[in-house]
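The values are calculated or read from the model by the stated rules, or taken from the named source; none is laboratory data. Owing to the predicted nature of the structure, the values given are computational and were not obtained by experimental measurement. Here the Cβ positions follow ideal geometry from the backbone for every residue, glycine too, while neighbour counts run over all protein chains shown.
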Amino acid sequence: MIAEPSHAIPSRGTIARRLLANRSAVAAIALLLVIVILCAAAPLFAPYDPIAQPDIIRGKDLPPSALHPFGTDGYSRDVLSRVLYGGRLSLSVALVATLVSITLGTAYGAVAGYAGGIVESVMMRILDALLSIPRLLVLIAIFATWNDLHAKAFVIIVGLTGWYSLSRIVRGEVLAIKGEEFVMSARALGAGRTRILLRHILPNVLTPIIVAAALGVGHVILLEAGLSYLGVGLQPPTPSWGNIIQDVSATQVATVWWLAFFPGMAIILTVMAFNVLGDALREALEPRGMRT
Amino acid sequence: MRQLAALAAILLTAIACEGGNKPSLGDAAATPGGTLVIASAGEPDVLFPPLTATITGRQITELVYDHLADLGNSLNTVGDADFKPHLAKSWAWSPDSLSIQFHLDPAAKWHDGVPVRASDVAFTYAIYKDTANASPLAPLIADIDSVTAPDSLTAVFWFNKRSPLQFFEATNPMVIIPEHALHGIRGQTLRTAPFARAPIGSGRYRFVEWNPGSSVEIAADRANYLGRPNLNRVIWTIAPDPNVAFTRLIGGEADFLEQLTPPELSQLATHNDIRVVLLPGLEYNFIQFNLRDPKNAARPHDVLGDRGVRRALTMAVDRSRIVQSVYDSLAAPALGPTVRAYPTTDTTLQEIPYSPDDARRLLDSLGWRVTGADSIRRRNGHPLEFTLTVPGSSKNRVNMAVIIQDQLKQVGAKLNIDKLDYAAFITRETQRKFDAMMGGWHVDASPAGIRQTWGSAGARAGGSNYGSYTNAAFDAQVDSALSSMTLDDRRARFKRAYQTIIDDAPAIWLAEPKSAVAINHRIHTPALRPDSWWSSIGEWWVPPAERIARDSVNPRR
Amino acid sequence: MARYLLGRLLQVAVVVVLVATITFFLIHLAPGDPFAEAVANPDVTEKVRAHWREAYGLDRPLPEQYVKYVASIARGDLGWSFSAQRPVADELRDKLPNTMFLMALALLGSFAVGIGAAVLQVMKPGSLTDRVIGGLSLFLFSLPEFWLALMMIFLAYRFPIFHIPIGGMIDSTAHSSLGLGGRIADVARHAVLPVATLTLILSAVVARYQRAALLDVLPAEYVKTARAKGVPERTIVRHHALRNALLPTISLFGLAFPALLTGAVYVEKVFSWPGMGQVIINSIGSRDYPLLMASVIVGSIVVALGSLLADLLYMVADPRLAYDR
């Protein structure tokens, strides 16, 4: 057995070092850790049951106070607890949907790039068409007509509509790497297609995949929030960051601002952290990443 | 607490100015003008009076069309003492009281110039009555046997039997529609006929235009036989979102908004240009169960067809707390399918008491048990789950739905909420494609409407008893109450009828809201009639000194 | 060139057919067949129903219905909307310009603001200005549009200085009585908040993109030459780098269309702006599926044409480009 030829990506240690040298990346990671821990362990941190309506007469629409740091909603539910539990749902939806997208996008791009020829050009034409479909409109159409969908179906459908741009990038990278020496030599050594794809090419296209994953999670969080705000996303009473804000509209926001403000801030902080992380990862992973 | 105190203060002032303004001499009549913009949360369904099922539709049609006679603000529906002539200048009873002759105003003309004739009255009755047209109002005129037109200005109403409500029945449910404008259209196609969306009436306002989803405009009929009304135009601006309607009111884009919510009332306290008028409640709302399978009306509903289940669900809902939470002091828990303002309503009715424990026990005994980890009851594998259809345009009803969803969960019943636009909600309702719906009835001055809304007569297709509740005993009790001649006896008989329907639980009776309306100070009104504030719009006015830009706009066409 | 254009137009057609296919099967396979429900709606006239039966072959098998549906869309017959009580095409023809108006203003505004911000940033990469603008655009980039719209309303309420209207496109009751100037002012006042919301969010996208593009160009040979000649940094950025970095910006122009349309849906809901977004939201609430389907298809056409326009601009800006894509 001959040792595998060395790959062009920076080692794990280098990536970690570069990331840690980036102060905003460190802050983003720390923030994400805090948010993920708070939401994942929501039952531990949430002061109240997020769905219970303890006192619908005296406990509703209370502004932020020591008892209810984020206030209460029109049904006396504690907004902080709802934000924590909502994050659980929103984050896991975003993570799983992104995972679906990443898997599909990578597979499609890699196959297209590696296959070449007619297969590739057909696959890329299909991709062009898919890329031109406005994602939000199609998702609205799907969820408005199939209005009894569960969170699982929601996740899969969101994931199924989010892989196009990644597969284009992956295909580009695969094309570039296909001709490189270490792939040639692996092929010369008699390695099969699948083996070459999995062992030699995939590790080299990890960069765009990881970056796309980080940015994708942020994007899906925004998408879920938007769809739920429009009333076609995740359905109440189970809170998600989007549907907590669902019922707050124009005139109400002037009086019960906390209902929109806090879940919104949770979304923004999380999405920002993922975006910073995505940017930082790109810089740390890209060999030519000389951007400041 | 402070919010509550503030609200109480608003309510006091509101009651204080309920009397309306008095026109100062001459200023209104001298210079007609003004535009009234009503912010409406719901689009009218159809502007054809026999088929109109929406309150907005009723408001518009009752201004464009005329009643034979108008009920006074006293709301005394017995006999004819408190009625004022309208399209009929006068009337006379037959000696046996089984018929009434109405003499039409000879000057009355339709908006297209054709004179109003007695044959139109007979035609109107035929349209309302004909089962092929499926008018939801048909049960309200059940005691009228026929209408004849011996000459062009005399219409005679013949009754099956004597009752205290004969005159009311002849004049209140129907407005007179023009025979010549309908071109012989009948049955199913009436609803979609062009005339049903562009009415030609004889009222003091004529129809101008309807922009679906945005507005309906009517304008003063300058040549009207009852005199030109003061306001030039009345416009309903339709906002699918109740918040938008409220925004239009406080932004000055609209002058009038009804069904105010408590938060809106407290917000209005800071707006000096808007006054609030409280009218006694002539409205009650409820969760109506569909007793028939929405997919196949021949079968009972698989969950809600069972009286025991409906009673258990009712026990699980804490109505008085819900009403207090959502309406504050603006509503009382509903007693049943009636309102307290009726002298015939006995307030000592036996409600199904709130008791989640009893609800659980009852469901257990009916075979609905919690088996899985999701704590939803099941019977033979079928979950205790149903969908509540709610009009998204009513914030109050949406709020109640969300609270009830939580309370039903406590006893192991799963409620899904389906929010729809008002028009789509009405469609589901009238087509009976729902499990349960968050409904409400704005009642008219007489308790007789219950035949239409909860009696067997309204249960067939086209009727307004959308849940298809039928109970022969209840029908008989209502009939006996309606034909009783003394108030005490009627109250006692109605009590029996109400008790029957409450015990059968075809609905969870929720709130009986007081009607709080907000009016821009510019708009001056006489005292408003409690069951229909719009009936006096012909008398409303804007003094020239207070007019704004839109008041001097002349109507199109 | 002609061949390329033809190919691109064909691609637009493919996208439209694809979206039509997706929406068709979505609605017909959904539980309870909502389309059948729409046909049964009592507000639909018998004439329209007969037309539907004929045009869509409602009693025929699904594949045949599909073919008929696509064919009628190709003819421009988008169906009948029972909630608006008129042909879908008429409804969309009225509402689409309102959305385009928002999109156009926001597009202009955000490219001006975004490119300006990026130029400021790359004058001195890593400076305080760069970092502040970078942070700000990152913040805006991470905002949900509807949330920003709600906060705008909150601010307009709390600081009612200019009495900016917070809903609608016109003062529906006074508009018809105003003169031309008054009408324009009326629309302009109503457009302030929706346009501001869309512009803020999109300029963050533009700024982030443009900054990266500028930084890619700055180390290039001709910039080095200019530097060596002693041309001031300001002039280099403005005259040399910016011009070259505009090419990626043009492709961003194409990418901006979907983002703008998405943003418009949210913004129109919050501000009750009577455009395509509002039509889509209302068609969901009123279960008006013919209207919903057609809106989604028309939305896709707008986006596809937007990216075609961007491609054409790209070719104009850089004639060296071969049309071999």
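Restricting to the stretch B:196-217, name every residue that is outside any loop (DSSP other than H, G, I, E, B) and farther than 29 Å from C:I280 by Cα. Answer for the stretch B:196-217, where residues must be outside any loop (DSSP other than H, G, I, E, B) and farther than 29 Å from C:I280 by Cα: B:Y205, B:R206, B:F207.
The residues of the stretch C:134-185 that are of a type in the set (A, V, I, L, M), part of a helix (DSSP H, G or I) and out of contact with any Lys or Arg (no Cβ under 9 Å at 6 or more places or on another chain), listed by number, are C:L136, C:L140, C:L148, C:L150, C:M151, C:M152, C:I153, C:L155, C:A156, C:L180, C:I184, C:A185. Among residues of the stretch B:277-294 being part of a loop (DSSP other than H, G, I, E, B) and out of contact with any His (no Cβ under 8 Å at 6 or more places or on another chain), the one that is nearest to B:G439 (Cα to Cα) is B:G281.
For every residue, the table says whether it meets (1) surrounded by fewer than 22 Cβ atoms within 10 Å (Cβ to Cβ); (2) over 17 Å from the mean Cα position of the chain (by Cα).
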| site | (1), (2) |
| --- | --- |
| B:I250 | yes, yes |
| B:A254 | no, yes |
| B:L257 | no, no |
| B:I287 | no, no |
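When the test is whether a residue is in contact (Cβ under 8 Å) with a residue 60 or more places away in the chain, aromatic (F, W, Y) and in contact with a Ser or Thr (Cβ under 9 Å, 6 or more places away or on another chain), B:F474 does not pass it.
If you check B:T77, B:T61, B:T52 for being of a type in the set (S, T, N, Q), in contact (Cβ under 8 Å) with a residue 40 or more places away in the chain and over 30 Å from B:T486 (Cβ atoms), only one passes: B:T61.
Would you check which residues across the stretch A:126-181 are of a type in the set (V, I, T), surrounded by 18 or more Cβ atoms within 10 Å (Cβ to Cβ) and assigned to a helix (DSSP H, G or I) and list them? Within the stretch A:126-181, A:V138, A:I140, A:I142, A:T145, A:V155, A:I157, A:V158, A:I169, A:V170, A:V174, A:I177 meet the criteria. Among the criteria (1) closer than 27 Å to A:P54 by Cβ; (2) buried (at least 17 other Cβ atoms within 10 Å of the Cβ), the one B:S355 does not fulfil is (2). Inclusion of A:L127 among residues that are touching a residue at least 60 places away in the same chain (Cβ under 8 Å) and not hydroxyl-bearing (S, T, Y) is not warranted. Taking (1) at the interface with chain A (Cβ under 10 Å from one of its Cβ atoms); (2) among the hydrophobic types (A, V, I, L, M, F, W, C); (3) part of a helix (DSSP H, G or I) in turn, C:I73 satisfies each apart from (1).
Residues considered: C:I153, C:I170. Of these, the only one that is under 21 Å from B:I250 (Cβ atoms), buried (at least 17 other Cβ atoms within 10 Å of the Cβ), of a type in the set (V, I, T) and within 14 Å of chain A (Cβ to nearest Cβ) is C:I153.
Scoring B:V147 on the criteria (1) crowded, with 16+ Cβ neighbours inside 10 Å; (2) at pLDDT below 95 leaves a single failure, condition (2).
Looking across the stretch A:46-80, just one residue is out of contact with any Asp or Glu (no Cβ under 7 Å at 6 or more places or on another chain), in contact (Cβ under 8 Å) with a residue 40 or more places away in the chain and not in a loop (DSSP other than H, G, I, E, B), and that is A:L80. Among residues of the stretch B:122-162 being free of Cβ contacts under 8 Å to residues at least 40 places away in the same chain, among the polar types (S, T, N, Q) and touching a Phe, Trp or Tyr at 6+ places or on another chain (Cβ under 9 Å), the one that is nearest to B:R460 (Cα to Cα) is B:S146.
The set of residues in the stretch A:237-280 being more than 11 Å from every other protein chain (Cβ to nearest Cβ) and in contact with a Ser or Thr (Cβ under 8 Å, 6 or more places away or on another chain) consists of A:S240, A:N243, A:A280.
How many residues are in contact with a strand residue (DSSP E or B) (Cβ under 9 Å, 6 or more places away or on another chain) and either within 14 Å of chain C (Cβ to nearest Cβ) or assigned to a loop (DSSP other than H, G, I, E, B) (or both) if we restrict to the stretch B:401-445? Qualifying residue count for the region: 23. Just one of the listed residues (B:V244, B:V234) is assigned to a strand (DSSP E or B) and within 14 Å of chain C (Cβ to nearest Cβ), and it is B:V234.
Please state which one of C:I22, C:I27 is away from chain B (no Cβ under 14 Å), within 30 Å of C:Q85 (Cβ to Cβ) and either at pLDDT below 80 or not in a helix (DSSP H, G or I) (or both).
C:I27
Filtering the stretch A:113-136 to residues that are more than 11 Å from every other protein chain (Cβ to nearest Cβ) and of a type in the set (A, V, I, L, M, F, W, C) leaves A:A115, A:I118, A:V119, A:V122, A:M123, A:L127.
Counting the residues of the stretch B:71-86 that are part of a strand (DSSP E or B) and crowded, with 20+ Cβ neighbours inside 10 Å gives 2. Of the residues making up the stretch B:319-358, those that are within 14 Å of chain A (Cβ to nearest Cβ), farther than 23 Å from B:N465 by Cβ and either in contact with a strand residue (DSSP E or B) (Cβ under 6 Å, 6 or more places away or on another chain) or not β-branched (V, I, T) (or both) number 12.
Can you pull out every residue in the stretch B:157-188 that is part of a loop (DSSP other than H, G, I, E, B) and farther than 20 Å from B:R58 by Cα? Of everything in the stretch B:157-188, those that are part of a loop (DSSP other than H, G, I, E, B) and farther than 20 Å from B:R58 by Cα turn out to be B:N160, B:K161, B:R162, B:S163, B:P164, B:L165, B:H183, B:G184, B:I185, B:R186. Being over 20 Å from A:A266 (Cα atoms) and surrounded by fewer than 23 Cβ atoms within 10 Å (Cβ to Cβ), is that true of even one residue in the stretch A:84-100? Yes, because at least one residue in the stretch A:84-100 is over 20 Å from A:A266 (Cα atoms) and surrounded by fewer than 23 Cβ atoms within 10 Å (Cβ to Cβ). Reported count of residues in the stretch B:323-365, each being under 13 Å from B:G281 (Cα atoms) and of a type in the set (K, R), is 1.
Are any residues in the stretch B:61-115 of a type in the set (F, W, Y) and either modelled with pLDDT under 90 or in contact with a Cys (Cβ under 6 Å, 6 or more places away or on another chain) (or both), and if so, which ones?
Across the stretch B:61-115, there are no qualifying residues.
For A:L139, the test of being within 14 Å of chain C (Cβ to nearest Cβ) and within 25 Å of C:G263 (Cβ to Cβ) is passed. The helices (runs of 4 or more DSSP H) falling completely within the stretch C:193-293 that include 2 or more residues that are within 10 Å of another protein chain (Cβ to nearest Cβ) and not aliphatic (A, V, I, L, M) map to C:242-271, C:276-285.
Evaluate the following for B:Q288: is it at positive phi, in contact (Cβ under 8 Å) with a residue 60 or more places away in the chain and away from chain A (no Cβ under 14 Å)? Judged against the criteria, B:Q288 is not a match.
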